[in-house]
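Chemist: What follows is a single structure, and I will ask about it in a moment.
The values are calculated or read from the model by the stated rules, or taken from the named source; none is laboratory data. On a predicted model such as this, the values are computed, not experimentally measured, just so you know. Every residue, glycine among them, receives a Cβ derived from its backbone with ideal geometry; neighbour counts consider all protein chains shown.
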Amino acid sequence: MTRTDRFDDIAGSAADDLQAELAERVRGEAHRLRHERLILYAGANILTPALESAFDATLSLMPYMGPPHDKEQPGSDFAASLEILTSRLACEVFEAAWADCRLPSCTIANLAVFACFTTPGDTILAPAASDGGHLSQRRGGTPSLFGLDIVDLPFDAAGQCLDAPAAAALIRAHRPRLVMLGRSVMLGPDTLEPVVSAARETGALTVYDLSHVAGLAAGGVFPNPLRAGVDLLTMSTYKTLAGPTGAIVAGTDPEMGARFAAFVDGALLANQDLSRLPALAGALAEFRDGGTYARRTVDLATSLKAALAAAGLPVLLPEAPAQSHQVVVPIGDLDATKAAMAALERGHLLVGRCPVPGEPGSHGLRFGSQLAARIGMAPVSLTAVAEAVATLLHTTRAAGRAPTDDHEAVLACRRAVMAALATTAPG
Ligand SMILES: Cc1ncc(COP(=O)(O)O)c(C=O)c1O
């Protein structure tokens with residue numbers, strides 16, 4: 001159960017005291033997150049000091065409405081030029097003809113794509129929740145909100161990937177308006193060509209939600225779906241892409257880009273948080289200049305996977321090296337998985353949970369190596385953490401609940417976390 005009472009003691013304070021106290025507590029929380037917790041949550045990252053130095057909330061004072069060349073507000077040249085620079089860099093990195101970097105999150109970006117390119121009542125194909133489909137992609141989530149009729153995409157549990165031949169057959173059978181690809185649990189790339197062929201044949205739009213692996217595609221270690229002929233990319237910018245929160249929508253057809261921009265300007269975006277864009281542009285420029293961080297991320301996931309398996313934990317696709325930043329450790333039912341997550345949190349390790357794709361009702365821990373790679377963690381440090389993780393999870397399973405804060409397995413995990421963080425670059 002998540003605590004929600006941390007600020008009850010200051011809720012009634014005078015504004016000056018409340019502001020000072022909040023500032024102090026924010027500093028404390030930021031310090032804890034940077035220096036006392038190891039974040040192996042697969043959908044998170046950290047801004048490097050260089051990216052942070054271009055982050056200034058003053059830029060978000062004004063709304064800057066409309067297309068870059070025709071902003072409604074005065075004093076918009078800086079904002080418009082930043083929009084142009086960021087989308088130019090996104091186009092270079094993702095080999096796209098157009099890119100829109102203004103939307104605040106990929107959930108909203110997916111909603112924008114549905115609203116721009118489909119009509120309520122249309123059929124779309126999308127990944128099922130139990131196969132790792134995100135709420136902004138799948139049945140019961142954002143597309144249902146927009147009144148779309150959603151058919152689940154087939155999944156290959158043995159290969160932990162889209163069942164591409166079955167998906168192509170489903171496209172031919174249902175003739176959907178749109179096919180939503182990509183998932184929250186992505187252990188490796190899907191085969192896209194049969195899906196793209198079937199979609200082209202039947203007139204379906206293909207959209208790949210790259211949120212989790214955007215930084216890996218940008219760094220050249222995960223296939224760029226645009227190369228396989230996918231029409232549109234949507235993505236979060238703060239996961240493997242390592243920028244601030246936000247979204248990018250990109251594609252290869254300029255007419256589609258013009259339609260999307262007109263839709264966004266006309267119906268979905270008034271203000272935007274401009275302060276995000278310099279850091280996003282800076283992160284994109286790093287990928288344009290090389291893929292070292294992306295390569296290190298996948299290599300680190302391979303080391304983590306091997307170390308968890310060697311320590312006696314089950315991992316999905318145990319024989320293969322990692323092909324993304326993610327490693328999934330199946331645990332069991334949801335309660336057991338929550339207990340495992342809570343145990344790791346006590347050990348100062350932040351790791352998420354996910355359904356085990358292809359095994360409805362089964363859950364596991366989803367680790368991600370991207371933040372550790374970003375702060376320069378060495379594989380050997382992560383291996384030591386993996387051993388402490390295994391001991392803590394075995395202890396939790398045996399007890400049927402997370403051990404208390406003073407349990408030796410918890411304390412050992414904290415020590416391993418601190419030792420691993422001590423080897424990283426300050427930031
Ligand atoms: C596949 C996928 N799409 C969209 C999102 C949502 O991204 P955002 O947090 O930018 O809304 C996620 C987040 O985990 C995701 O995994």
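Chemist: Return yes when Leu411 is crowded, with 18+ Cβ neighbours inside 10 Å, modelled with pLDDT of 95 or more and either within 23 Å of the chain's Cα centre (by Cα) or over 30 Å from Pro154 (Cα atoms) (or both) and no when it is not.
Modeler: no
Chemist: Among the numbered conditions (1) in contact with a Phe, Trp or Tyr (Cβ under 6 Å, 6 or more places away or on another chain); (2) farther than 16 Å from Arg102 by Cα; (3) surrounded by fewer than 24 Cβ atoms within 10 Å (Cβ to Cβ); (4) not aliphatic (A, V, I, L, M), tell me where Pro225 comes up short.
Modeler: (3)
Chemist: Yes or no: the stretch 264-271 includes at least one residue that is part of a loop (DSSP other than H, G, I, E, B) and within 16 Å of the ligand (Cβ to nearest atom).
Modeler: yes
Chemist: Is at least one residue of the stretch 323-334 in contact (Cβ under 8 Å) with a residue 24 or more places away in the chain, charged (D, E, K, R), in the same structural domain as Gly188 (by TED's automatic domain parsing) and surrounded by fewer than 20 Cβ atoms within 10 Å (Cβ to Cβ)?
Modeler: Looking through the stretch 323-334, none of the residues is in contact (Cβ under 8 Å) with a residue 24 or more places away in the chain, charged (D, E, K, R), in the same structural domain as Gly188 (by TED's automatic domain parsing) and surrounded by fewer than 20 Cβ atoms within 10 Å (Cβ to Cβ).
Chemist: Just to check your reading of the model, which residue among Gly347, Gly376, Gly312 is within 26 Å of Ala158 (Cα to Cα) and of a type outside the set (Phe, Trp, Tyr)?
Modeler: Gly312
Chemist: Let me ask something additional. Can you run down the residue pairs with Cβ atoms below 7 Å, 6 or more apart or on separate chains, where the first is in the stretch 41-54 and at positive phi and the partner is at pLDDT 95 or above and within 12 Å of the ligand (Cβ to nearest atom)?
Modeler: Here the result reads none, with nothing in the stretch 41-54 linked to a residue that is at pLDDT 95 or above and within 12 Å of the ligand (Cβ to nearest atom).
Chemist: I'm checking my understanding of the structure. Among residues of the stretch 102-126 that are within 16 Å of the chain's Cα centre (by Cα) and not β-branched (Val, Ile, Thr), which one is nearest to Gly140 (Cα to Cα)?
Modeler: That would be Asn110.
Chemist: I've got another one for you. Taking Ala261 as the residue in question, decide whether it is crowded, with 17+ Cβ neighbours inside 10 Å, within 16 Å of the ligand (Cβ to nearest atom) and at pLDDT 95 or above.
Modeler: Against the criterion (crowded, with 17+ Cβ neighbours inside 10 Å, within 16 Å of the ligand (Cβ to nearest atom) and at pLDDT 95 or above), Ala261 does not qualify.
Chemist: Within the stretch 272-292, take every residue that is within 16 Å of the ligand (Cβ to nearest atom) and over 15 Å from Ala90 (Cα atoms) and give me the one that is surrounded by the most Cβ atoms within 10 Å (Cβ to Cβ).
Modeler: Here the answer is Gln272.
Chemist: As an exercise: evaluate Leu51 against (1) surrounded by 14 or more Cβ atoms within 10 Å (Cβ to Cβ); (2) closer than 30 Å to Ala412 by Cβ and give the number of the one condition it does not meet.
Modeler: Single failed check for Leu51: (2).
Chemist: State which residue pairs qualify: first residue under 21 Å from Leu61 (Cα atoms) and not assigned by TED's automatic domain parsing to the domain that holds Cys116 and inside the stretch 258-286, second residue crowded, with 21+ Cβ neighbours inside 10 Å and aromatic (Phe, Trp, Tyr) in any location, beta carbons under 7 Å apart, and separation of 6 or more residues or different chains.
Modeler: Pairs found: none.
Chemist: Return yes when Gly358 is small (Gly, Ala, Ser), within 22 Å of the chain's Cα centre (by Cα) and modelled with pLDDT under 95 and no when it is not.
Modeler: In short, no.
Chemist: Among the strands (runs of 3 or more DSSP E) contained in the stretch 305-417, which hold 3 or more residues that are among the hydrophobic types (A, V, I, L, M, F, W, C)?
Modeler: 326-332
Chemist: What are the residues in the stretch 94-122 that are among the acidic types (Asp, Glu) and surrounded by 20 or more Cβ atoms within 10 Å (Cβ to Cβ), if any?
Modeler: Of everything in the stretch 94-122, just one residue is among the acidic types (Asp, Glu) and surrounded by 20 or more Cβ atoms within 10 Å (Cβ to Cβ), namely Asp100.
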